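The values are calculated or read from the model by the stated rules, or taken from the named source; none is laboratory data. Computed from a predicted model, the values in this text were never measured in an experiment. Because the Cβ atoms are built from the backbone with ideal geometry, glycine has one as well, and the counts that use them run over all protein chains shown. Side chains are part of the model used for accessible areas, which takes the heavy atoms of the whole protein and leaves out ligands, DNA and RNA. Shrake-Rupley method; radii C 1.70, N 1.55, O 1.52, S 1.80 Å.
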Amino acid sequence: MKKEVVAMLLAGGQGKRLKGLTKSLAKPAVYFGGTYRIIDFPLSNCTHSGIDTVGVLTQYEPLVLHSYIGVGSDWDLDRRGGGVYVLPPHERENGSSWYQGTADAIYRNMNFIEQFDPEHVLVLSGDHIYKMDYNEMLHFHKEKDSDCTISVIDVTVQEATRFGILNTNDDLSIYEFEEKPSAPKSTLASMGIYLFKWEVLKRFLIEDKKTETSSYDFGKDIIPLLLANNKKLYAYPFSGYWKDVGTIQSLWSANMDLLCEEPELNLNDPSWRIYTKSPNQPAEFIAPDAKLSNCMINEGCVVHGEVNHSILFFGVEVGEGSVIKDSVIHPKVKIGRGVRIYRAIVNESMVIPDGTVIGSEDSVDIVLVHADDFIASPESEREAMKR
Amino acid sequence: MKELIGVINLDDELDQLNELTYFRCGAAVPFAGRYRLIDFVLSNMTNAGIVDIALFVRRKYRSLMDHLGEGKSWDLDRNHGGLFILPPDWNDPTDISQGDLQHVHNNLDFFYRSSGSHMIHSGSRHISKVNLREVYKQHMDSGADITLIYKPVAELRPEHEACLRMDVDEQGRVTDIHKELDHPNLYMEMFIMDKYKYLELVKDCIAHGKNHFFQDAIQENRDRLKIGAYKYNGYHAVINSVESYFANSMELLCRENYEDLFRENPIRTKIKYEVPAKYLENADVKNSLVANGCTIAGQVENSILFRGVQVGKGARISNSILMQKCVIEENAVIENVIMDKDVRLSGGVTLVGDSRKPFVIAKSSQI
């Protein structure tokens with residue numbers, strides 16, 4: 001079946017910098033925004049952009065991710081002749097190995113792409129929070145007759161040193177790509193969204209594969225290779241909310257961004273719903289002694305105590321006299337009485353005993369509370385230790 | 001639970017909820033912040049593993065069909081079996097059936113094609129968490145022809161007046177069915193019986209020009225049938241008037257009732273993909289149920305907010321039920337009000353109803 005675009009979503013990343021959150025979970029499956037997982041964003045974007053064929057490349061801890069995606073019905077991606085396909089690495093006649101890099105992952109799924117005989121292939125990553133109409137990028141890509149279009153966002157000069165930076169001519173054609181430059185020449189950062197002519201990409205994937213020294217990566221190898229071969233590369237400027245949520249700090253602050261009165265990332269837009277697997281919980285119960293301000297609370301929560309500038313995922317219980325401030329509480333966490341939580345992310349299903357104190361109001365760092373490294377200490381014990 | 005098929009019969013259910021049932025049947029009335037009344041009986045059936053479910057509808061079922069779709073939210077979108085919404089077929093000239101027997105007569109195929117040997121018959125006005133597996137087991141063990149489900153209530157309330165009562169002897173046999181108002185055993189409009197036995201009784205009723213299955217086949221024959229009784233002890237509410245709707249909704253604000261209804265076995269409903277509820281800077285929310293998609297900047301107390309409700313700054317809401325997508329503008333005040341979907345209340349307006357007789361505002365009104 002001929003398709004104009006096939007999307008390939010890279011979802012195999014471990015996300016080491018998210019520490020305990022990704023201990024048994026691939027990064028795209030990490031929770032965000034009170035009800036979502038990160039991967040909901042690119043998948044919903046695909047649906048809204050009219051892209052109905054999406055390959056999801058998985059590798060690290062795929063269990064949750066695979067069962068979460070299922071047949072894709074939550075994103076309307078349970079289509080005939082398309083839909084969502086989960087593509088883990090697999091053994092072949094000439095041996096087996098994990099995906100070596102982003103380009104290798106696509107290379108090894110060429111047969112998957114070929115069956116749709118697409119004009120273009122859209123490569124996405126599963127670790128960013130944003131709403132984007134890929135269809136507009138496709139129009140730009142076709143208008144420029146581009147071989148490869150990379151979506152870019154304007155960042156500050158300081159930030160530019162952390163990203164892949166694209167240097168462009170006035171017509172937005174790319175002449176140079178620099179990975180994390182110490183002295184950036186421009187502030188156009190790659191968003192990790194690539195749109196290729198499939199015929200061109202295929203040729204260069206095959207060529208790259210022959211190079212034994214290659215790291216088989218889009219940023220490090222494929223893009224420089226295309227530039228060296230005088231292919232037409234364009235930068236597609238995106239303006240809107242886009243956030244890499246690769247660290248505890250950035251994940252926390254992206255969550256906090258949702259708490260202002262009119263957040264830049266509007267999740268309450270009926271024309272661009274972010275789809276997610278419904279946890280099917282009753283309306284939340286706000287007790288007579290609750291004090292809530294500047295917060296987002298999901299269904300299934302039972303809230304006593306005080307919640308200030310925080311996000312509670314579904315099924316969280318907050319006991320009497322507890323205070324939660326500047327924090328993100330993942331699903332099904334049970335918080336006892338008289339607990340105080342400041343500037344923290346609490347991983348799912350944790351039980352926080354009565355009187356526990358986590359984090360402090362004026363610290364810069366964000367505390368991650370998860371099964372491994374956190375031993376709940378009641379306040380009385382802390383007081384005893386101080387003495 | 002392949003042995004059981006479900007029949008939800010809405011034919012007897014009158015549209016008793018005033019403005020709330022002007023344009024929808026009772027089963028489609030929204031309840032508890034995100035559900036509709038039908039969700040409770042449907043979830044009880046699917047939680048017991050029943051996959052063949054027929055729904056007999058006659059009037060105002062558009063919004064019910066919209067809500068149920070192909071039954072996907074209840075896992076009833078099956079290749080074989082699943083959910084059947086069965087409107088009546090009036091075109092058969094030889095059909096002499098009447099009343100709710102018409103539905104059975106017109107849809108015999110459903111009964112013959114579904115694989116279960118027994119059927120559970122229910123309405124949608126009694127909200128409960130009855131365990132239908134247990135009922136089935138008791139029915140089979142007792143050897144009864146039919147088992148009726150009843151709730152012995154501790155306190156009789158106005159909405160119970162319309163309910164039939166049952167006398168049950170020590171062996172769990174029903175000895176009488178009547179309408180004695182001070183009797184505590186409420187018949188929950190749910191029974192279980194052998195499918196073929198049921199069809200036999202239906203045919204017999206039709207042949208004798210009868211028109212109401214329960215009355216004519218069960219109540220009239222209570223001496224000839226072995227009628228068992230299943231005693232249900234869990235959460236129970238009867239919704240058959242605006243007052244009972246309001247009172248029972250408000251009682252969910254007691255944590256014990258909330259947990260009885262929701263803690264075990266999920267109640268499923270149509271998925272909406274809303275954002276978690278947002279409480280802004282000066283929000284003051286107490287003792288309330290709030291669903292996703294709400295944005296609250298004002299004061300909310302003892303109230304139930306359905307999905308997507310917006311409460312402006314300085315607005316005060318107490319003892320009220322606001323259905324989906326209602327908008328309460330700044331400084332408006334409401335007390336003892338039930339607002340149907342999509343109502344918009346302009347800034348500064350005050351609406352006050354009586355705590356026993358709430359003010360009901362019809363769908364999509366602008367005030």
* Structure fact -> Per residue, accessible area of chain A with a 1.4 Å probe, heavy atoms of protein chains only, in Å², comes to 42
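If the chain between A:Glu143 and A:Ser239 were fully stretched, how many nm would it gain, using 0.36 nm times the residue separation less the Cα-Cα distance? Don't skip to the answer; put the middle values down first.
On the way: separation 96, 0.36 × 96 = 34.56 nm, distance 1.93 nm.
Additional length available on full extension: 32.6 nm.
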* Structure fact -> Under a 1.4 Å probe, counting only protein heavy atoms, B:His105 has an accessible area in Å², nearest 10, of 60
* Structure fact -> Plugging the Cβ-Cβ distance of A:Asn135 and A:Lys232 into 1/(1 + (r/R0)^6) at R0 = 22 Å yields, to the nearest 0.05, a FRET efficiency of 0.60
* **For segment A:1-48 versus segment A:130-205, the gap between their alpha-carbon centres in whole angstrom** => 20
* Using every alpha carbon pair in the protein assembly as shown, what percent of pairs falls into each 20 Å bin from 0 up to the bin containing the largest distance? -> 15, 40, 33, 11, 1
* **Solvent-accessible ranking of A:Trp272, A:Trp75, largest area first, probe 1.4 Å** => A:Trp272, A:Trp75
* Asked: From the backbone phi of segment A:153-165, what are the Karplus-calculated ³J(HN,Hα) couplings (6.51 cos²θ - 1.76 cosθ + 1.60, θ = phi - 60°) in whole Hz, Gly and Pro given as x?
  -> 10, 6, 10, 7, 4, 4, 5, 4, 6, 9, 10, x, 10
* Virtual spin-label span in nm between A:Glu261 and A:Lys16, 7 Å along Cα→Cβ -> 4.4
* To do: Determine the distance separating the Cα centre of segment A:325-376 from the Cα centre of segment B:270-339; give it in Å without decimals.
  => 28
* Could you go through segment B:159-166 in sequence order and give the Karplus-derived ³J(HN,Hα) for each residue, using 6.51 cos²θ - 1.76 cosθ + 1.60 with θ = phi - 60°, rounded to whole Hz, and x for Gly and Pro? => 5, 7, 3, 6, 7, 6, 10, 10
* A:Arg80 to A:Asp269: FRET efficiency via 1/(1 + (r/R0)^6), r the Cβ-Cβ distance, R0 22 Å, to the nearest 0.05? -> 0.15
* **B:Ile177 accessible area, assembled protein chains, probe 1.4 Å, Å²** => 10
* Along each of its three principal axes, how wide is the spread of alpha-carbon positions in chain B, in whole angstrom units, largest first? -> 65, 44, 34
* Structure fact -> Site B:Arg157, offset 7 angstrom along Cα→Cβ, radius 13 Å on amide nitrogen, limited to segment B:245-260, gives B:245-254, B:257-258
* Asked: Given R₀ = 56 Å, FRET efficiency for B:Gln366-A:Asn94 by Cβ-Cβ distance, to 0.05?
  -> 0.20
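Using a cut-off of 13 Å between beta-carbons, work out the net charge of the residues near B:Glu180 (Lys and Arg +1, Asp and Glu -1, B:Glu180 not included). Before the final figure, lay out the partial values.
Values: positive: B:Arg165, B:Lys179; negative: B:Glu161, B:Asp167, B:Asp176, B:Asp182.
With Lys, Arg at +1 and Asp, Glu at -1, the neighbours total -2.
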* Length gained when the stretch B:Lys270-B:Lys313 is fully extended (0.36 nm per residue, less Cα-Cα span) -> 12.5 nm
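Let me check something: with ligands and nucleic acids excluded, how do A:Leu205, A:Leu10 order by accessible area (1.4 Å probe), largest to smallest?
Working: A:Leu205 5, A:Leu10 35 Å².
My answer, sorted largest first, is A:Leu10, A:Leu205.
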* Structure fact -> Heavy-atom accessible area of A:Leu172, protein chains in place, probe 1.4 angstrom, given in Å² to nearest 10, is 50
* **Point-to-point label distance, B:Arg222-B:Asp141, nm (Cα→Cβ direction, 7 Å offset)** => 2.5
* How large is ³J(HN,Hα), in whole Hz, for each residue of segment A:80-96 in order, when computed from phi with the Karplus curve 6.51 cos²θ - 1.76 cosθ + 1.60 and θ = phi - 60°, using x for Gly and Pro? -> 7, x, x, x, 9, 10, 8, 10, x, x, 9, 6, 10, 3, 8, x, 9
* Structure fact -> Extend 7 Å from the Cα of B:Thr175 along its Cα-to-C-beta direction; within segment B:136-150, residues with backbone N under 18 Å of that point are B:148, B:150
* Distance in nm between label sites at A:Asp362 and B:Glu3, each 7 Å beyond Cα in the beta-carbon direction? -> 6.9
* Asked: Give me the log10 of I(q) over I(0) for segment B:278-361 at q = 0.12 Å⁻¹, as the Debye formula computes it from C-alpha points; what are the numbers?
  -> -0.26
* Which order do B:His126, A:His48 take by accessible area at a 1.4 Å probe, largest first? -> A:His48, B:His126
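Hey, what's segment B:94-237 come to in accessible area per residue, 1.4 Å probe, Å²? Before the final figure, lay out each step's value.
Details: 6530 Å² over 144 residues.
For segment B:94-237, the per-residue accessible area is 45 Å².
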* Asked: Who wins for biggest fluctuation among B:Phe40, B:Phe306, B:Phe213 in a Gaussian network model of chain B, springs between alpha carbons below 10 Å?
  -> B:Phe213
